Structure formats: C-alpha cells, structure tokens
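Every read-out reported here was derived from the displayed coordinates using simple, explicitly stated rules and does not represent laboratory data. Keep in mind that this is a model prediction, so the values were computed, not measured. So basically every Cβ, Gly included, is an ideal-geometry build from the backbone, and we count neighbours across all protein chains shown.
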Amino acid sequence: MQEFGDKYRKIRNTLRYLLSNLYDLPTGLAASTASVSPDSLDGWILNQLDTLITEVTAAYDTYQLHRAFRLLHDFCSVQISSVYGNAMKDRLYCEAANSPLRRQSQTVMYKLALTLTKLLAPMIVFTADEAWCHLPHKPMEEADLGSVHVTLLPEHSGQLIADTTLADWELLLMKLRESALGQLDELKKTVGLNKASEAEVIYHLPADLLGRFKIWGVDLEDAVGAGNAVLVEAAEASVKIVDARNIHQACARCWKRRPGVNPTTQLCQRCTAAVPAGLLQQP
C-alpha cells in the first residue's frame, strides 16, 4: 500500500508541476505543437508521449490496468521528472517571459498535462477531474465540458520521426547524458562542484554528427544541466564534463557559468536581454 501511495504522489506531483507552469501561457499558443522541431528536447518528449498514448490505450483495450498504471507512473518519473522537467527548469524561470524557447516549452507542457489527465482518468478518477478543472485553455470542442470523464482518450499525433533523429535521441539522451551525469557526480565528490550549472559539457562528435547536433542549441547544455556546451570534432562520440569555475564567470541571475558574462552587470547575454533595461546595474 505504501508503494502505491508513493507512485500516486509522483503522478499527482507531476500534474501539479505541469499545471503550475501554465499560469501565463497565452490562449493562442496552447492549441498546437505542430511547429516543434524533432531535433529538440521538446520534440523528444512529444514522441515519447505518442508512444505512451499508443501503449496505454492498448493496455486499456485489453483490460491490463496494472500495465497502464505502470506506464503512466514510469513516464511521470523518468521521461518528465528525470529528463524533461530537469532540463526545462532554466528556460522556464530565466528566459524572458515571451521568449520563443520558454513559450514552446509551456506549449509542450500543456500538451503533456492535457494528455496525462485524460489517460489517468479511468484510474485516479478524482485527481484527474481536479486537474481538468485547473487546466487552462481547454480544446475548443471540449471547453464547455465540466468533467474529464466525458472527454475522449487522446490519439497519436501521427508524426513520423526520421531514423537519424531517433539515433540522435538515443545517443544524446541515453549514452552521452548518462556518461555526463556520472562525471558530474564524480566532480562533486572530488573537487566540490556544487551545481551542474558550474560545469561545462564538451561533446566530442564525428563530423557527420556535428551539424545535426548543432541544431539542438541550448538543449545540449540543458540536457545535463550544465552552464555551457561545446561541440568538438572527434573520431568517436563521447562527452567530457569540465569544472568551469576557473574558466567562466557565473551569471548573477541564472548562475550558469558561460562565456560572455558582462563584468559590469554580471549578467550573461540571455539574462541581459530578459531583464528590463531600467533594472540593469549602471557602471
């Protein structure tokens, strides 16, 4: 019973986390995630969500409720909490409110919240209905429905993912990320590195992968929580975590150690753009 209680709390807290980050999402941006690039953490989580929809629906159709619950719990615990949620923290709280990066993340979180609420409805009845009541900007055809229990289960988006993109996801989010997190833990033990944002992640990649990985942009650092990411050509794919405390200055707003921190305002370029000019420290 205790184990079930812990799993239920993980699911409930995941829904609360997603809903809490939708407080300022404009109505028009909640409608579609069609513009999200597959070459991004946002694209990856949407593909994972499609897989979840297919597998949970199949479990319901064959009355395998235990499997459906396990799939939903594991998705909340691993794909959202461990990977996507951790990666999105910086952009949700440090990007300018209307920045495309932040708004895209919010749009994806809306899709996650909407889909999970519907998939969970047959099992955690009251929690799903409460989440439905707090979900903003419901789809037009469901806006007047007072309960999630009179809606339909979500459907697969139908988006096809290229084999090269699937391979990149596997390399970045499994092999390289796992290695980077292990190195971060070791640096915390050996040199007293307090936060991942004080580290720099260096991706060593073959020439054919460099161009594809450049598209990921800031996702490359956020995937491991590092302050900065660097791409270097190499014969084989690998990753190196470096203590950046003696390399880059820390931004006073986001605490990331990265190039280009202004010595006067002590802000990185991203945070300088996000802070109103009147609030910047004068020379």
Quiz prompt | Rounded FRET efficiency, nearest 0.05, which uses the C-beta distance separating Lys214 from Tyr60 and R0 of 41 Å | solution = 0.50
Quiz item: Taking the chain as a Gaussian network, where each spring joins two C-alpha atoms under 10 Å apart, which residue of Ala237, Ala34, Ala229 fluctuates the most?
Solution: Ala34
Quiz item: At what distance in nm do the modelled label points of Ser35 and Glu170 sit from each other, each positioned 7 Å from its Cα along Cα→Cβ?
Solution: 3.2
Self-check item: Correct choice for Cα Rg over 2.2 N^0.38 Å that was computed from the model, options (1) 1.02; (2) 0.97; (3) 1.08
Solution: (3)
Exercise. Please list, in chain and number order, the residues 5+ apart from Lys256 or on another chain whose amide H is under 5 Å from its amide H, with Hs placed from the backbone.
Key: Cys251
Quiz item: What spacing in nm lies between the two simple spin-label points modelled at Lys89 and Val275, each 7 Å away from Cα in the Cβ direction?
Solution: 2.2
Quiz item: How far, in degrees from 0 to 90, does helix 65-74 lean away from the longest principal axis of the Cα atoms of the chain, to the nearest 10?
Solution: 20
Quiz item: Among the Cys residues of the chain, which have no other cysteine Cβ under 4.7 angstrom away?
Solution: Cys76, Cys133, Cys271
Exercise. Go ahead and run the numbers for FRET between Ser20 and Val125, Cβ-Cβ distance against an R0 of 30 Å, rounding to 0.05.
Key: 0.85
Quiz item: So, by mean Cβ neighbours within 10 angstrom, what's the order for 84-97, 104-117 with the highest one leading?
Solution: 104-117, 84-97
Quiz item: Got a sec? How would Val78, Val36 order by Cβ neighbour count within 10 Å, fewest to most?
Solution: Val78, Val36
Self-check item: Mean residue ellipticity (222 nm) of the chain, computed from DSSP H runs ≥ 4 via -39,500 (n - 2.57), nearest 500
Solution: -14000 deg cm²/dmol
Quiz prompt | Cross-link pairs beyond the 28 Å C-alpha cut-off, checked among Lys214/Lys240; Lys175/Lys214; Lys138/Lys256; Lys138/Lys175; Lys118/Lys214 | solution = Lys138/Lys256; Lys138/Lys175; Lys118/Lys214
Quiz prompt | Net lengthening on full extension, Ile161/Ser77 (0.36 nm per residue, minus Cα-Cα) | solution = 27.8 nm
Practice problem: Between Asp39, Asp61, Asp50, find the one with the highest GNM mean-square fluctuation for the chain; connect C-alpha pairs within less than 10 Å. | Solution: Asp61
Quiz prompt | Virtual paramagnetic centre 7 Å along Cα→Cβ of Ser147, amide N under 20 Å, in the stretch 112-126 | solution = 114-126
Quiz item: Can you list the HN-Hα couplings for the stretch 208-214, worked out from phi with the Karplus curve (6.51, -1.76, 1.60; θ = phi - 60°), rounded to whole Hz and with x for Gly and Pro?
Solution: 6, 9, 4, x, 5, 6, 4
Self-check item: Environment charge of Leu41, counting only residues whose C-beta is closer than 9 Å and scoring Lys/Arg +1, Asp/Glu -1
Solution: -3
